[in-house]
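The values are calculated or read from the model by the stated rules, or taken from the named source; none is laboratory data. Quantities reported herein were computed from a predicted structural model and do not represent experimental measurements. Glycine gets a Cβ as well: all are built from the backbone with ideal geometry, and neighbour counts include every protein chain shown. Note: areas computed on protein heavy atoms with side chains; ligands, DNA, RNA excluded. Shrake-Rupley method; radii C 1.70, N 1.55, O 1.52, S 1.80 Å.
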Protein chains: 2
Amino acid sequence: MPQNRQWVLAARPVGRVTEECFAWRESAPPVPAAGEALVRTLYLSLDPAMRGWLEDRPSYLPPVQIGEVMRGGAVAQVVESHAPELAPGDLVRGTFGWQDYAIARPGRSLGLQKLPTGVDPELALGVLGLTGLSGYFGMLDIGRPQPGETVVVSGAAGATGSIAAQIARIQGAHVIGIAGGTEKCDWLVHHARLDAAIDYKRGPVDAALRELCPRGIDVYFDNVGGPILEAVLGQLAERARIVLCGGISSYNATEPPPGPRNLMNLVLKRARMEGFLVMDHAARFAEATAQISAWLDAGELAHEVDIQEGLENAPKALLRLFEGRNTGKQLLRVARVQTSV
Amino acid sequence: MPQNRQWVLAARPVGRVTEECFAWRESAPPVPAAGEALVRTLYLSLDPAMRGWLEDRPSYLPPVQIGEVMRGGAVAQVVESHAPELAPGDLVRGTFGWQDYAIARPGRSLGLQKLPTGVDPELALGVLGLTGLSGYFGMLDIGRPQPGETVVVSGAAGATGSIAAQIARIQGAHVIGIAGGTEKCDWLVHHARLDAAIDYKRGPVDAALRELCPRGIDVYFDNVGGPILEAVLGQLAERARIVLCGGISSYNATEPPPGPRNLMNLVLKRARMEGFLVMDHAARFAEATAQISAWLDAGELAHEVDIQEGLENAPKALLRLFEGRNTGKQLLRVARVQTSV
């Protein structure tokens, strides 16, 4: 068996995350004990939230430690199993990290799940994975768009934002997506079939929102924070709901930037701002995945997968998110599915 | 009949509101038409929200115009009536403004309500008025404190904060009040019977919160915004609720100051921040007033009334709020109740 290639955290980022934060290491693959399986990574999921795991402060997950394999969601294939739940060749989803081989412990590994037969592993980390589910629960449970309401989504061409925005469209809302660049905005209008898109690199977002949302914004699904959040807060409709999903605009800041100056508009508009974490909704993942699959089958959900190649490019693939270079879900292919193991 | 003494808005404040923003005027009292009554102001209510009415921008109420009598809640007594609903001598609550005499139009005047017999007019504008009701609906409907939860209230010695904090205590929560000065903090612990009080003028609020809220903050009732909001956001418990009632710390700012740097903690803690306006709950005022009265009768709600004297001191009385000089409800006595009109 070949060496286990790994990326470990070498240094915590100060401000912008760089390739130098990670170090390459090769070691012998782990050996599964009773009740465990050895899995081989096929795809890594790259997500903005990973930036937060690099900070040395308490959060919803413990920080990745220096010298530890970089944490990351993945789809992997079972190579060898001493667990009755898993057989060689099975595809599994889990937090296997930036490495070729990992140990899967049914019932104990974070987020471990066997993929149902026939599920495309590329979808399993995107539209049918945590990013798609984040769009689903954030929009439906917290945003709760009603037919005819005005919904704005930032990071709208991203893995979560694109699903959130289209689910609002399916609910009958008037949906405006915010993204950076003409290509992403064209995709939002022509493929995701949103009512309009705003290119934040092109001009002031608040002027565009004023034009496109004459009756105010009922639901805002926020992936970016920063000045765009402030612009939206200035144009809320009464009883507006702001879904806080993330704030990529400041993830790489050395000092967190100041927040919006106009939070008190939440009072004047009797509005609500609420954060959520998708893992809290795990009990309803099956229901949500079934619904998303049905929408996919019906051609209602456009989605993009941006696949980079090779474990050696994992840090580069992560950086693409903060450079806004990805459209849709950012994945890294580490190995191909083996049809006979 | 004497002249009608009035304060009109002379100039919009730039930053801090000053006495010079208002001008004194005397004119003939208005003459009630059919369906109207002439009322004489007894007490004026002074409230932080009045600062917002002076700004020339759309809000939940139209701005007070230059030259217009300053808007303000009041208790008044009917002098002359051509309305079947009102008789001379009746006490009424309404938005009569900073003047001796006003016209009450049953069914049309903003917030007009005849006071039930026996209601103390000083309470009618405070604990049984809009400020008390704000504490009631904000805490119970939005904060929803559960027994044993940790609740923090800022502006806790104020008219709204003091009621909100005590209602949380009645619900069985562990309640910490934040106020400025030893006297207010003593009142919070010994009269309002909160578990602890933090004097924000004395030292860093975040250190005090860390000590007093070891399991994090479940509910925060915010009357001030600014750095205290940021300190609370840094110490939220999971599923925390932040009730946005007001933000007096920045009402007098020329430029609104930046918001909290740590809004993304709402995501990590799956927390909610929500604004409200008490008038939206008008349909349930009778129910709420009955409950507050019952708590008052049972000795469960301490409350303070700070009464200044004389219509000529109305601007000074308003300024007291922004100087933090009031403990409890700030009122201005304009005239005494006439027992035989």
For this session: Residue by residue through the range A:227-248, note down the ones that are modelled with pLDDT under 95 and open to solvent by less than 20 Å² (accessible area, probe 1.4 Å).
Result: A:246, A:247
Seminar exercise, completed: Among the residues of the range A:249-278, the number that are in a helix (DSSP H, G or I), at pLDDT below 90 and either loosely packed, with under 15 Cβ neighbours inside 10 Å or more than 10 Å from chain B (Cβ to nearest Cβ) (or both) is 1
Exercise. Pick from the range B:43-63 the residues that are aliphatic (A, V, I, L, M) and more than 19 Å from residue B:105 (Cβ to Cβ): which of them is most open to solvent (accessible area, probe 1.4 Å)?
Worked result: B:49
Exercise. Among (1) over 18 Å from residue B:212 (Cβ atoms); (2) surrounded by fewer than 23 Cβ atoms within 10 Å (Cβ to Cβ), where does residue B:148 come up short?
Worked result: (1)
Exercise. Quick check: anything in the range B:42-61 polar (S, T, N, Q), in a loop (DSSP other than H, G, I, E, B) and without any contact (Cβ under 8 Å) to a residue 24 or more places away in the chain?
Worked result: yes
Problem set entry | Residue match in the range A:262-274 (condition: within 19 Å of the chain's Cα centre (by Cα) and aliphatic (A, V, I, L, M)) | no
Problem set entry | Set B:192, B:197: member being in contact with a Cys (Cβ under 9 Å, 6 or more places away or on another chain) and either modelled with pLDDT of 95 or more or in a strand (DSSP E or B) (or both) | B:197
Exercise. When the range A:38-52 is examined, which residues are found to be under 22 Å from residue A:316 (Cβ atoms) and away from every other protein chain (no Cβ under 14 Å)?
Worked result: A:40, A:41, A:42, A:43, A:44, A:45, A:46, A:50
For this session: Report, by residue number, each residue of the range A:185-214 that is among the basic types (Lys, Arg) and either within 14 Å of chain B (Cβ to nearest Cβ) or without any contact (Cβ under 8 Å) to a residue 24 or more places away in the chain (or both).
Result: A:201, A:202, A:210
Seminar exercise, completed: Just one listed residue, out of B:128, B:133, B:123, is in a helix (DSSP H, G or I), of a type in the set (A, V, I, L, M, F, W, C) and touching a helix residue (DSSP H, G or I) at 6+ places or on another chain (Cβ under 6 Å), and it is B:133
Problem set entry | Checking residue B:224 against (1) under 22 Å from residue B:181 (Cβ atoms); (2) part of a loop (DSSP other than H, G, I, E, B); (3) at pLDDT 95 or above, the condition it does not meet | (3)
Problem set entry | Candidate set from the range A:75-99 (those that are open to solvent by less than 10 Å² (accessible area, probe 1.4 Å) and in contact with a helix residue (DSSP H, G or I) (Cβ under 8 Å, 6 or more places away or on another chain)); member that is nearest to residue A:117 (Cα to Cα) | A:75
Seminar exercise, completed: The correct count of residues that are in contact (Cβ under 8 Å) with a residue 40 or more places away in the chain and not in a strand (DSSP E or B) in the range A:238-248 is 3
For this session: List the number of the failed condition for residue A:212; all other conditions in (1) of a type outside the set (Ser, Thr, Tyr); (2) open to solvent by 10 Å² or more (accessible area, probe 1.4 Å); (3) more than 29 Å from residue A:303 (Cβ to Cβ) hold.
Result: (3)
For this session: Those residues that are out of contact with any helix residue (DSSP H, G or I) (no Cβ under 8 Å at 6 or more places or on another chain) and under 24 Å from residue A:77 (Cβ atoms), I need them from the range A:305-336; list them, please.
Result: A:309, A:310, A:311, A:312, A:313, A:314, A:317, A:333, A:335, A:336
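Return the residue satisfying two criteria in turn: it lies in the range A:299-338 and is in a loop (DSSP other than H, G, I, E, B) and free of Cβ contacts under 8 Å to residues at least 24 places away in the same chain, and of such residues it is farthest from residue A:4 (Cα to Cα).
Filtering the range A:299-338 for residues in a loop (DSSP other than H, G, I, E, B) gives A:299-304, A:310, A:323-327, A:334-338.
Now narrow it down to the ones that are free of Cβ contacts under 8 Å to residues at least 24 places away in the same chain: A:299, A:323, A:325.
Values: A:299: 40, A:323: 29, A:325: 29 Å.
Here the answer is A:299.
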Problem set entry | Set A:67, A:72, A:35, A:15: member being closer than 16 Å to residue A:317 by Cβ, in a loop (DSSP other than H, G, I, E, B) and either open to solvent by 30 Å² or more (accessible area, probe 1.4 Å) or not hydrophobic (A, V, I, L, M, F, W, C) (or both) | A:72
For this session: Go over the candidates B:286, B:231 one by one and state the one that is more than 10 Å from chain A (Cβ to nearest Cβ) and closer than 23 Å to residue B:157 by Cα.
Result: B:231
